[in-house]
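Only one structure is covered here, and it is reproduced in the block below.
Values quoted throughout were computed directly from the atomic coordinates according to the rules given, and no laboratory measurement underlies them. Small disclaimer: the values here were computed from a predicted structure and weren't measured. We place every Cβ from the backbone using ideal geometry, glycine too, and count neighbours over all the protein chains shown.
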Amino acid sequence: MTTPKTIAVLGLGRMGTAFATRLSAQGWDVVGWTRSGHSSDGVTTTGDPNDAVAKADLVLLALFDGPACREVLDEVRDSLRTDAIVLNTSTIAPAEASELAREFGSSYVHAPVVGSVPVVAAGTLSILAAAEQDTLDRARPVLAALGTVRRVDDAAAAAALKLVANSSLAGAVLALRESLRQADALGLPRAQVLDVLELGQLGGLVARKRAFLADQPAAAAAEFTIGALAKDMALLAAASDAPLRSAADLAGASADPEADIAFAATAPAVDDAVLEPLRAYIRGHATGDASHFRDAFLPTAHIEGIREGAFVSWPLDEYCGLPVFQGKPASDEATRSRCIDAIDVHETVATATMTLRHGADTFTDIFLLVRVDDGWRIANKAYHRQT
């Protein structure tokens, strides 16, 4: 078994630069290349990826996505040594990983990592490695310098596990966002809120990202960007063929995609203009005055659901003419309640969920909203009634 001595790192973004720096410090002869052509402090670089791989025993990929991996490998294919190992740490789709494994055969190691730049520097990454045993044994000294290896059966499984690991991170970021929004609504001091959140299940994330989460975040460098995490969640949703709300929530975060994921947790709540038609709808129920519904809905809107065991689809005029809306509050209005549970905005459209408790009946209303010239309006509503 020949231990790699010369390593080419293709991709000198945050993680690629961290890999190159760590491996160079551990005694390997490292040369790096990046598609942007930018150099990195402390890393020997070349402007041609073919020069980088020509003498390399091991070629480490640290690229943004599957298409980038394909493009770069196609470019350097003829320059790869016959005995070189291709070690791919990039986060890509399971199908893309499987295709590369088939194409490069026994020389390919698919090894996505769990951890960010500081973890690379400490050599404490968790590495999900899939490869033939001989190849993995040859690559192990390099992997061991970066962290702990967890062997996985095949490349597709390694890629899928990395996406699932990142989904838990996305969930934590979005849970933190909701906690901070509620705390802001209650007027609580941000520093005090972060102190308490560090005591709970989100404690590790809050501690690592505190510089970004404070009222005046420090100018710290991004370790993992919103755009990269949103990309990973979109890959997971596509691979699993299952809806994944975090993909849309992260992609729709009102923050720079190149910002650290912590900024997704501090994204502001939705604009008041989106909430106004929902509030007008609530006023219509609270007062019994159907004119508020005309303010809330587009004239073409329909209200649909199951009523008395039958499906109904009312045009707006018919809905406003229902006997229940007589221009005065219901006799039990004092005991009724209505709450906007969730709202998701996607540029010019939005969805919202509301719960209404009217006496013995509880309604779950689902709204589709659109942005038109004079603001936001409800395009359609569907509801479920439970007695």
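Side notes on the structure shown:
- D_trans [Stokes-Einstein, Kirkwood Rh over alpha-carbon pairs] for segment 14-82, 4 °C, 1.567 mPa s, µm² s⁻¹: 104 µm²/s
- Cα-based shape type of segment 96-249, given that a ≥ b ≥ c are square roots of the gyration tensor eigenvalues and the cut on a/c is 1.5: prolate
- Counting only DSSP beta bridges with both residues in segment 94-205, the antiparallel share comes to about 40 percent.
- Kirkwood hydrodynamic radius (C-alpha pairs) into Stokes-Einstein, segment 222-298, 4 °C and 1.567 mPa s, D in µm²/s: 87 µm²/s
- Assigned charges on the beta-carbon of Lys, Arg, Asp, Glu; segment 265-315 dipole about Cα centre (debye): 100 debye
- Most simply put, the chain has about 60% antiparallel DSSP beta bridges, counting only bridges with both residues inside it.
- Against the main long axis of the alpha-carbon atoms of the chain, helix 66-76 sits at an angle near 20°.
- Nearby aspartates and glutamates by direct alpha-carbon distance to residue 209 (threshold 13 angstrom, same-chain neighbours under 8 apart not counted): 195, 198, 223, 260
- Computed E for residue 157/residue 211 - FRET, C-beta separation, R0 30 angstrom, nearest 0.05: 0.25
- If you wrap segment 262-369 in the convex hull of its Cα atoms and look at it from every side, the mean projected area works out to 8.2 nm².
- Theoretical gain in end-to-end length, residue 279 to residue 132 [0.36 nm per residue, Cα-Cα removed]: 46.9 nm
- Taken along the Cα-to-beta-carbon direction at a fixed 7 Å, the label points for residue 102 and residue 363 span 5.3 nm.
- Straight-distance crosslink candidates among aspartates and glutamates, where the alpha carbon sits under 18 Å from residue 5 and sequence neighbours closer than 8 are dropped: 29, 51, 57, 83, 134, 137
- Sites residue 256 and residue 335, calculated FRET efficiency, Cβ-Cβ separation with R0 51 Å, nearest 0.05: 0.65
- Equivalent-ellipsoid semi-axes of the chain, from the Cα gyration tensor, Å, largest first: 53, 22, 17
- Residue range of the chain that is longest and free of GluC sites (Glu not before Pro) which are both DSSP loop and sparsely packed (at most 12 other C-beta within 10 Å): 1-257
- Furthest towards positive pole of dipole, 330, 346, 364, structure part segment 274-387, Cβ charges: 330
- For segment 346-358, the Karplus equation 6.51 cos²θ - 1.76 cosθ + 1.60, evaluated at θ = phi - 60°, returns couplings of 10, 6, 9, 10, 8, 10, 9, 10, 9, 10, 10, 10, 10 Hz by residue, with Gly and Pro reported as x.
- Backbone amide hydrogens, once placed in the peptide plane, bring residue 9 within less than 5 Å of 31, 32, 33, 60, excluding anything fewer than 5 places away on its chain.
- Between 0 and 90 degrees, the angle of helix 94-104 with respect to the longest Cα principal axis of the chain falls at about 20 degrees.
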